[in-house]
1. Could you pull out the GluC sites (Glu not before Pro) across the range A:23-117 that fall in loop regions by DSSP (anything but H, G, I, E, B) with no more than 13 other Cβ atoms inside 10 Å?
2. Using the Cα atoms of the range A:106-244, I'd like the radius of gyration and the largest Cα-Cα distance, Dmax, both in angstrom.
3. Would you tell me the mean number of C-beta atoms belonging to other protein chains that fall within 10 Å of each C-beta in B:73-85, as a whole number?
4. Taking amide H positions as placed in the peptide plane 1.01 Å from N, state which residues far from A:ALA207 in sequence (5 or more) or on other chains have amide H under 5 Å from it.
5. Calculate the dipole size of the protein assembly as shown relative to its Cα centre from +1 charges on Lys and Arg beta carbons and -1 charges on Asp and Glu beta carbons; express the result in debye to the nearest 20.
6. For chain B, I need the span (max minus min coordinate) of the C-alpha atoms along each principal axis, in Å, sorted largest to smallest.
7. Could you run the Karplus curve 6.51 cos²θ - 1.76 cosθ + 1.60 with θ = phi - 60° over the range B:72-81 and give me ³J(HN,Hα) per residue in whole Hz, x for Gly and Pro?
8. What relative contact order, as a whole-number percentage, does chain A give when Cα pairs under 8 Å and 6 or more residues apart are counted?
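Readers should treat all values here as calculations from the given coordinates under stated rules, not as data from a laboratory. Being a predicted model, the structure only gives us computed values, none of them experimental. Virtual Cβ from ideal backbone geometry, glycine too; neighbours counted across all protein chains shown.
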Amino acid sequence: MPTAMLMASEAAAEATQNAFTVSGPLIVASWEMFGMTWNLTESVIVQWIVMLIILVICLVLGTGLKVIPTTRRQALAEWLVTFVNDMVDGSMGEKYKSYKPYIGILIVYVILCNLISLVGLRAPTADVSVTATLAIITFFMTQYNRAKTGKLKGYLKAFIDPLPFMLPSNIIGEISNPVSMALRLFGNMVAGMVIGGLIYFALGNFAVLIPAVASLYFDIFSGVIQAYIFTMLTMSYISNAECE
Amino acid sequence: MTDMEILAHAIVLGSSALGAGAAMIAGIGPGIGEGYCGGKAVEAIGRQPEASGAVTRTMIIGDAIAETTGIYALVVALLLLYANPILGSLQSALGM
């Protein structure tokens, strides 16, 4: 019995080596500072690449603009700006003009972070610390907008609205917004990554055509839709936090 | 590793795999919810085709909200499979 068990565990260990595993982002470098360990992960490096891509896009689209567009790239740039303008005006209203740059960069950034997995890099949004950062920014913008529109009285009153005994559920609701936003983007991206990996693992040497079809849905469609949803939810949370 | 420790690990690993599978039963809920959402959106567009843009936008947001519980279940399942906290507490209890 003991030997059989040991053999079984050895076989299991061998099977684990051949099996499909999912790993977190690689740690490229780490150092000690202020009594904490700071890790430079793959996600950060890929985000730098995404930022470089955005910089190049801005330089290409933003130079040599004319009042009457003559080039195709100016038409594309104007289409992008009009898209963001209409999106913010449509779901937040005219008075949230100052949020347009953030919303615009957020949707472009998240779309590029999702789609960069197409070139073989690990998508930074499949790392919960990246999505949680974006969700926490949204959370603080929500709180800022509530405090700005309602001042201290309105801000505190929003927590006992409509009745004082709703206070605990209001606080939980306020905290669960960023948690659900972060986990939604992370869960969708990591699910796409896991399913893509499983398909490659299952097909082995015959991985032609089928992974491409799956990637069309899980990488391109899901990536763009989730970026859109993340942006729309950011906008609706910020504008819903407004006090009368 | 003694036999008992191997057995304890086997029980924890097997139960975690079962738990991960059971957690994903929660996928039923978002499926039903998003199905209703899409069906009603089609009805609405059928009645008012000119409002299709606004209806689609609202539908996508509704889908995203309905999806939340399914994503929570997925996160629980992934934790059980790849970052098992129960296995860690077992190993610290055994002093490994």
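1. The qualifying sites: there are none.
2. Gyration radius and largest Cα-Cα distance of the range A:106-244: 19.0, 65 Å.
3. Across the residues of B:73-85, the mean count of other-chain Cβ atoms within 10 Å is 3.
4. none
5. That gives the protein assembly as shown a dipole magnitude of about 1200 debye.
6. Its Cα atoms span 71, 16, 12 Å along the three principal axes.
7. Working through the residues one at a time gives 4, 4, 4, 5, 4, 5, 5, 4, 5, 7 Hz.
8. Computed value for chain A: 23 percent relative contact order.
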